[in-house]
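Report on the following structure.
The values are calculated or read from the model by the stated rules, or taken from the named source; none is laboratory data. Just so you know, these numbers come straight off a predicted model, no measurement behind them. Neighbour counts run over all protein chains shown; Cβ positions are idealised from the backbone, glycine included.
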Amino acid sequence: MSLPENAGPGPVQTAEAQGNARVTQVGGNYEKHVHRYVRGWQYLRGTSVGTAELDLAEHAFVDPSGHGGGPGRAAQAVSKLTRPYGRSHVLVLCGEAGSGRRTTALHVLLRVGVARERLHWLSLDWDQPRTEQIPATKGHGFVLDLTNGQELSEDFYTGLADYQKEAEDAEAFLIILADTDGWNAGAAETVPVVHLVRPQATQVAEEHLRHRAADRMNWLNSPPLDTLLTEGASAADAARLARLIAHADDGGQEAVQQEFTGWRDHLTNWFKQHSEPEDVRERALLVSAAVLERVPAQDVLEAADRLFAEVGGVLPPGGPLAGRDLQQRLLAVKASLVDGERISLDADRHGLSEAVLAYVWQQRPQLRGVLLRWASQISAPNGTAVRHLQRIADCLVRLSLLPGGATVRTVVTGWIDTGRPAHRQLAIDVLEKMALHPDTGVRVRRLLYEWAQQKTISKDLLTAVAEICAGRLGRDYPRVALTRLRVLASRQDSLAREAVADAVHVLASTPEQRVPVLSEVVDWAESTSSTTAVAGADTFLALTDISGDSFLPLPAQQEPADSAAAPADDLFVRGWRAALNDPSTSTRAHTQLAAWLDSASLSDDQVLPLAAAVLRGRLDQAGAAELLVGSSSSSGLGRTRRKKLLDLLIGEQASFAATAPAPAPVAGSESDPTTR
């Protein structure tokens, strides 16, 4: 992981780290981790904390007092990180959902002196939590959110002792967030733990609103908002209410109340008032408008009629001329036209579209299957909403978070095997979003792994796993994505081989991931597992196949000396040597290396040293002679290069023979001085 800072003068300290990594810490205001070969992305990546969230943590934080009016829990945490004796650089904050764990962590790190620009959330790019992957960049503060995560091993708990020493040396801090029952270190406890209590919601709302819009403080204590924060309200509820008040229009107290409660009263009254059979068509329009928020009116109306027919409704004769005008229908469902053409529920009632979906899903469970079937129909090829798949995908993900939401995942998974491109793409979009969502991510990422190794599964589903790994999942969680791609590539049935090669190439095409991805593939090829080794060699050769449009060439020039990766040509040498070692890929490896020698798109300086390094000591291997001699199809450039390559290899061999020490004389021979 590299955390960019503005370079400045200062001493440099370099140390070797596990997995061929090298950590470089530069004094002044520039610190970064440098990884040689970036073996599996040695460290978790960090993302910066937003300014608004930092402002609230610094200026609007509420720290509930301890028992008997003692210091608050955040103050206790700060003390554990700053006390003169027994100071820790690692801390665990345990608390229930809604206790303000994230904000508390930021507040504590700011209080111990970590600069705002050096605070980072850590991305959980791992399948098994390992303390070796947690960065300890000098002067930085990291937050590792393990709430809703997998069970921690004893190695993780005990490994924090070693990390604590590393963080202390680097003057770095780590705060781990955990559920109340999610931290079970027991006898392996090596770092302090602070158990948070839920702050009073009204106090949180007051502090947030004082920071955001102090002139509206009286809104909190005036009807209809004064009763919204009940005794059990969470800090998140309070923060949300303050945000809604700060962003509301003048005199918009009622709208704030409705949005905060999910428009519950509004929707309850609306459905009660529109409960007659003749109102079913308008109900269908309301649901269609909620799913297709800000979509052109024609598409929304056609989708609404499709839903109406799906529940048994019969459209009146007359087609588009039948029924009420658009404006009357929009008035009935409390929607409006924006940009003169697009229907919106949210324009006048912010958050209403999402509230409608949640209301219908929960109040009419028998409609769930109908809604999913309808979403499938309107997103099919030539369907009404085929141009709005992302909007439909977002809605389906939101529904998956509600009670009974597992149905969504089951249905969209089935779409992958339907053979319809639009449905398949929609399903992939939904699963990708679910794999990245904080609530469903861990579960769906584990599901993708299970699919990758499942023996009886369709090729379409395996290909979909590869495509998901090549998308945002591969950019945000590259280690997780490559693990699943490795499992896919190692399948005995080879069903996903082409999909894996395509996915790995997509990931490697991103400049900052190019060398790390190649390094991972080479590690597969060098694995002691024969299955993984073959998978790695196959994938490497797919990346370097110059006969196609998509291959991974050598860079135009070498990486700079302080680059966060090894020179790419070293990886190419290792990859080709691994491919040559395997009988199942050696012929193909010789053929592709020959193609590189014949290619005018690569320079002599790139190809010749690499080919020499690959073939050195392997000239007796089957295929090496044919490679050096060439064939009738070899290019003129290739024949010239082969002569240079042969001269280079022979010259190296002659030089080695000339400088090699003479063999020791055999006792009793004429060269033995004792016999003279």
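Run residue 269 past the list (1) part of a helix (DSSP H, G or I); (2) surrounded by 20 or more Cβ atoms within 10 Å (Cβ to Cβ) and report the number of the one that doesn't hold. The number of the failed condition is (2). Restricting attention to region 117-166, which residues are on the phi > 0 side of the Ramachandran plot and under 24 Å from the mean Cα position of the chain (by Cα)? Hit for region 117-166 is 148, nothing else.
Exactly one residue among 350, 247 is within 42 Å of the chain's Cα centre (by Cα), farther than 18 Å from residue 367 by Cβ and buried (at least 16 other Cβ atoms within 10 Å of the Cβ), and that residue is 350.
So residue 251 clears everything in (1) not in a loop (DSSP other than H, G, I, E, B); (2) not assigned by TED's automatic domain parsing to the domain that holds residue 91 except one condition, right? Which one? Condition not satisfied by residue 251: (1). Within the option set 401, 461, 447, 431, being in contact with a Phe, Trp or Tyr (Cβ under 8 Å, 6 or more places away or on another chain), closer than 29 Å to residue 366 by Cα and not assigned by TED's automatic domain parsing to the domain that holds residue 121 holds for one residue only, 461. Working only within region 449-505, note down all residues that are within 12 Å of the chain's Cα centre (by Cα) and farther than 17 Å from residue 126 by Cβ. If the condition is that a residue be within 12 Å of the chain's Cα centre (by Cα) and farther than 17 Å from residue 126 by Cβ, then 468, 470, 471, 472 are the ones that fit. In the set 366, 390, only one residue is in a helix (DSSP H, G or I) and assigned by TED's automatic domain parsing to the domain that holds residue 289; that residue is 366. Within region 304-312, one or more residues are surrounded by 23 or more Cβ atoms within 10 Å (Cβ to Cβ) and not in a loop (DSSP other than H, G, I, E, B). Scanning region 313-326 for residues that are at pLDDT 90 or above and either on the phi > 0 side of the Ramachandran plot or surrounded by 10 or more Cβ atoms within 10 Å (Cβ to Cβ) (or both) yields a total of 2. Counting residues in region 157-172 that are in contact with a Cys (Cβ under 7 Å, 6 or more places away or on another chain), within 17 Å of residue 90 (Cα to Cα) and buried (at least 20 other Cβ atoms within 10 Å of the Cβ) gives zero. Residues that are surrounded by 24 or more Cβ atoms within 10 Å (Cβ to Cβ) and either out of contact with any Lys or Arg (no Cβ under 9 Å at 6 or more places or on another chain) or free of Cβ contacts under 8 Å to residues at least 12 places away in the same chain (or both) do occur in region 463-483, at least one of them. Do we find that residue 426 is buried (at least 23 other Cβ atoms within 10 Å of the Cβ) and closer than 18 Å to residue 472 by Cα in this structure? Taking the combined requirement at face value, the residue satisfies it.
Residues in region 83-116 that are closer than 30 Å to residue 482 by Cβ and surrounded by fewer than 21 Cβ atoms within 10 Å (Cβ to Cβ): 102 only. Considering region 177-225, the residues that are charged (D, E, K, R) and surrounded by 14 or more Cβ atoms within 10 Å (Cβ to Cβ) include one that is nearest to the chain's Cα centre (by Cα), namely 179. Return the pair list, or none, for Cβ contacts closer than 7 Å from residues in region 584-603 that are assigned to a helix (DSSP H, G or I) to residues that are basic (Lys, Arg), at least 6 apart or on different chains. From region 584-603, the pairs are 597/641; 597/642.
Taken over region 621-649, the criterion of being more than 21 Å from residue 600 (Cβ to Cβ), of a type in the set (A, V, I, L, M) and within 44 Å of the chain's Cα centre (by Cα) is satisfied by 622, 624. Restricting attention to region 506-554, and to residues there that are at pLDDT 90 or above and among the aromatic types (Phe, Trp, Tyr), which single residue is surrounded by the most Cβ atoms within 10 Å (Cβ to Cβ)? Among those residues, the one meeting the criterion is 540.
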